[in-house]
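For reference, the structure discussed in these notes is given below.
The values are calculated or read from the model by the stated rules, or taken from the named source; none is laboratory data. Remember, it's a predicted structure, so these values are computed and weren't measured experimentally. For neighbour counting, all protein chains shown are included, and Cβ atoms are generated from backbone atoms with ideal geometry for every residue, glycine included. SASA here: full protein model, heavy atoms, side chains in, ligands and nucleic acids out. Shrake-Rupley method; radii C 1.70, N 1.55, O 1.52, S 1.80 Å.
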Amino acid sequence: LHSHVTRDEVASNALKSLCDLQRVVVVSEANPLKDDKVKRLLELLKKTARPSRVFLMDNLPQFQQRFPFCMRQGSETFPLPPCPSELWVPEPEKRQQPPALYLGPVTCLERRHEALQCFKIGAVVQLVDDLPNQTPLGLPGSIKLQRVQVAKMELETFEGTELEAQQRTLDLAAKVAASSLEASERILSLRVPCFLCGPWSAVVAALALRRILVSELRTTEELCGFLKDRCATTALPHVAILALNLALGSPSPECLALAVPAQAAQLRQRLGEEAATVPLKTVRSVLEKVLAQPSEERFRRLKASNPRVQREVLAHPEAVLLLHLAGFTTISRDLVLPGTAAMGPLRQ
């Protein structure tokens, strides 16, 4: 940008054609508020890229140490690598999993990996809708790749009645919710900084953040606002919002009426009629016990350490989602029904 500022006649067109800036950091060797070149740059950005936020810094060595991949010599013209958005980093004294969480496009994996290495990212969780046809990414050996299959977005090509379209939308949202819950569990088990990318990755990030920042982010609106603030390009479509509501256990009665049969049918299709009977009966038994004795704590918590819970519930994303639809939430891998949860969804 320095060269653009010193050549005003081409700077405007260059920024318009080359930049899609959301946030800009301007680093000056002196006080940036008194630097004429900084002022000219800010005027230029205002006329062209109009970023959502601008940060001014006067400590160049500190910036170089934190973001070395952003530094270029005057003769270098190749663009900066795509940079992940930092969603969460715990306080140094707290040992939480994962140690950091980043979100971004798959293009962050397709070029030089300076940004990933700078942030010490040790795991990439890539959501894909077609596992067999994924090409190798050529990641450094220090970065482990995990791929999670999610539902394919096919609503645009669907033709049918409005009711059929609504049912298809809900079916897709339920599948996204189930696979996103599974992916968020993987993320929360990691002991290295994690980068999340691929279709529906924002839903997975929201579910992981809901578990990490449980006292701060409680509603879908709060989660979406948090994501938008840290990753300005994140936009959750209607299906993603619906999937998030399903996974968080806050659907409407109309949504429940469609989602529950859809999840049961999906479980039967995946396991077969006979095999699916076991997890479905277990879910029904859990709900009936809570309704019969709502104040009994032992019925409101399914412990992940219990082999039967592992085998008949946690091993099946559809069964987990059914309990989430009833109001259960996941805490340290256990399924827990909060004391404030309404009984209406359980009865339905």
Inset, instruction - Determine whether the stretch 243-252 contains at least one residue that is open to solvent by less than 80 Å² (accessible area, probe 1.4 Å), touching a residue at least 40 places away in the same chain (Cβ under 8 Å) and not in a helix (DSSP H, G or I). - result: yes
Legend entry - Pair list, Cβ < 9 Å and 6+ apart or interchain, from the stretch 111-122 residues that are closer than 12 Å to Arg66 by Cα and at pLDDT below 85 to residues that are open to solvent by 60 Å² or more (accessible area, probe 1.4 Å) and charged (D, E, K, R): Cys118/Arg66
Inset, instruction - For the stretch 44-65, name all the residues that are assigned to a helix (DSSP H, G or I) and either touching a residue at least 24 places away in the same chain (Cβ under 8 Å) or surrounded by 12 or more Cβ atoms within 10 Å (Cβ to Cβ) (or both). - result: Leu44, Leu45, Lys47, Leu60, Phe63, Gln64
Inset, instruction - Look at Arg284 and say whether it is over 30 Å from Val54 (Cβ atoms) and at pLDDT below 90. - result: no
Legend entry - Those residues of the stretch 310-345 which are more than 25 Å from the chain's Cα centre (by Cα), of a type outside the set (Gly, Ala, Ser) and more than 23 Å from Lys175 (Cβ to Cβ), in sequence order: Thr340, Met343
Inset, instruction - Mind counting the residues in the stretch 300-309 that are open to solvent by 90 Å² or more (accessible area, probe 1.4 Å) and within 20 Å of Leu267 (Cα to Cα)? - result: 1
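Restricting the search to the stretch 201-215, which residues are among the β-branched types (Val, Ile, Thr) and open to solvent by less than 10 Å² (accessible area, probe 1.4 Å)?
Matches in the stretch 201-215: Val203, Val204.
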Inset, instruction - Looking only at the stretch 169-180, decide whether some residue is at pLDDT below 90, more than 15 Å from the chain's Cα centre (by Cα), under 24 Å from Gln146 (Cα atoms) and open to solvent by 50 Å² or more (accessible area, probe 1.4 Å). - result: yes
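Here's the yes/no breakdown for (1) without any contact (Cβ under 8 Å) to a residue 12 or more places away in the chain; (2) outside any helix (DSSP H, G or I); (3) open to solvent by less than 30 Å² (accessible area, probe 1.4 Å):
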position: Thr282; (1), (2), (3): no, no, yes
position: Ser285; (1), (2), (3): yes, no, no
position: Lys289; (1), (2), (3): yes, no, no
position: Pro294; (1), (2), (3): no, yes, no
position: Arg298; (1), (2), (3): yes, no, no
position: Arg311; (1), (2), (3): yes, no, no
Legend entry - When residues of the stretch 216-225 are limited to those that are open to solvent by less than 30 Å² (accessible area, probe 1.4 Å) and part of a helix (DSSP H, G or I), the one nearest to Gly104 (Cα to Cα): Leu223
Legend entry - Those residues of the stretch 313-348 which are of a type in the set (Gly, Ala, Ser), within 17 Å of Leu207 (Cβ to Cβ) and loosely packed, with under 14 Cβ neighbours inside 10 Å, in sequence order: Ser332
